[in-house]
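Notes to accompany the following structure.
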Amino acid sequence: MRKRYLSMILLTMPLMGCESGSLTSDDSDVLDDKAQRRKSLGNLFGDEILVFGGNGNKTAEAAGITVNEFLWRASLDTVSFMPLRTVDPFGGVILTEWYTPASAKNERLKVDVFILDRQLRANGIRVAIHKQVYNEAKKTWSDQKVDPKTVNEFEEAILSRARELKVNSKN
């Protein structure tokens, strides 16, 4: 009995948001208010459902992506040598797994990239690099401080690649 009520509620929930298609003259003011409110708040998923692909005339902003597409692609290009853990194009977050360079077997690195803006600007991106060194005696990994110059160089590499992508997109 309880399952029957639960299934009836779940089946009718999608219909609760539906409105009738007919409008009376009294409904026009309410409709205008709703339209204004929707316009000011925006849609939850943007104007388009498709995120990648679709109509070539649509911008990434119309598709619901809230980050700069050149910074996004440049960031992916720059960390492409590392295994990826999390990639979120809507939030502008790229997190990598630990990566051990061939030249330093007792070190490993992890990079977090955060794209903060829709504009291609230097402050539109933030990079965090995590470094660990293996201690043979204790057989453990210990955190090490990363030189701020390294982080700046990584950010500059992303920005340079983003500018390159933008220039190439105009051609």
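The slack between ARG126 and SER142, meaning 0.36 nm per residue of separation minus the straight C-alpha distance, is 3.4 nm. Near the amide H of ASP117, within less than 5 Å, lie the amide hydrogens of ASN68, all on another chain or at least 5 residues away, with H placed in the peptide plane. Working note: Karplus 6.51/-1.76/1.60 with θ = phi - 60° gives region 107-116 the couplings 10, 9, 10, 9, 10, 10, 10, 10, 9, 9 Hz, where Gly and Pro are set to x. In region 96-171, taking the dipole from charged Cβ atoms about the Cα centre, the farthest positive-side position among HIS130, ASN106, SER169 is held by SER169.
Taking amide H as placed 1.01 Å from N in the peptide plane, the amide H of LEU84 sits under 5 Å from that of GLU97, each at least 5 places away or on another chain.
Considering only the other residues whose Cβ falls under 10 Å of the Cβ of TYR99, what net charge follows from Lys and Arg at +1 and Asp and Glu at -1?
Net charge around TYR99: 0.
Residues in region 117-163 average 69 Å² of solvent-accessible surface per residue, probe 1.4 Å, ligands and nucleic acids excluded.
Phi-derived couplings, Karplus 6.51 cos²θ - 1.76 cosθ + 1.60 at θ = phi - 60°, listed residue by residue for region 136-146: 4, 5, 8, 6, 9, 9, 10, 5, 10, 6, 9 Hz, with x used for Gly and Pro. 3J(HN,Hα) along region 75-92: 5, 4, 4, 5, 9, 5, 7, 9, x, 8, 9, 9, 9, 10, x, 7, x, x Hz, from the Karplus curve 6.51 cos²θ - 1.76 cosθ + 1.60 with θ = phi - 60°, whole Hz, x for Gly and Pro.
Within region 68-171, the chymotrypsin sites (Phe, Trp or Tyr not before Pro) that combine a DSSP coil assignment with at most 10 other C-beta atoms in a 10 angstrom radius are PHE81.
The values are calculated or read from the model by the stated rules, or taken from the named source; none is laboratory data. These numbers come from a predicted model, not from an experiment. Ideal geometry is used to build each Cβ from the backbone, glycine not excepted, and the neighbour counts take in all protein chains shown. Heads up: the accessible areas ignore ligands, DNA and RNA and are worked out on the full protein's heavy atoms, side chains in. Shrake-Rupley method; radii C 1.70, N 1.55, O 1.52, S 1.80 Å.
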